[in-house]
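The values are calculated or read from the model by the stated rules, or taken from the named source; none is laboratory data. None of these values were measured; they are calculated from a predicted model. So basically every Cβ, Gly included, is an ideal-geometry build from the backbone, and we count neighbours across all protein chains shown.
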Amino acid sequence: MVINVAPLLKQPLGTRVDIEVEESPIDPRGDNAGLLDAAIVDIDAKLHATHTNPGAYLEGSADAHVAAQCARCLTPIDTPVHADFAEQYFATVPVDTGVGIVAAPLDAKTVGSDFMVDLTPLLREELILVTPVAPVCRPDCAGLCPVCGDDLNDRPHAHDEPVDRRWTALQELRDKIGKSES
């Protein structure tokens, strides 16, 4: 979602504007299509933009669902995520004069001469940071059988322990020692 911050920057310092982003499901050809790169399938975000001395300060929260796979059984799941965030955008050109101002810090996010701010990268970054590394479909998920690959949630079972032939000589030695001690 791209917003124009020029009207905000024309207001006195401290002026605050509320912005709402809600899309379910996210349109692959829409303004928020960049969120699909992070497997975000829907979003509901509430932001507050405040006119500050260096530019626009954006803060808010976002709730979304991320399409993922259970880390144990590999079934597709929707993982709900919530992120709170705040980011300062530095204006590189004042709205009223159009003359360049002091350069922003090297790692800062900036408002260009068109005064448009794309919120999609900010929302994507913040939601990626709160997405679980190994989501599970449920806390007691049994996962997949390491021998046959069946889902242990649907069909709990066990296999006989495979015998590694490299250990047979030690097994024979253990059996001999056990017989001699008895």
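Residues that are modelled with pLDDT of 85 or more and of a type in the set (D, E) within the range 163-182 comprise E172, D175, listed in sequence order.
So, in the range 125-182, exactly how many residues are surrounded by 10 or more Cβ atoms within 10 Å (Cβ to Cβ), within 43 Å of the chain's Cα centre (by Cα) and of a type in the set (A, V, I, L, M)? Qualifying residue count, the range 125-182: 9. The set of residues in the range 16-43 that are charged (D, E, K, R) and in contact (Cβ under 8 Å) with a residue 40 or more places away in the chain comprises D31, D37. Specify the residue that is modelled with the lowest pLDDT; the eligible residues are those in the range 86-115 that are among the β-branched types (V, I, T) and in a loop (DSSP other than H, G, I, E, B). The qualifying residue modelled with the lowest pLDDT is V99.
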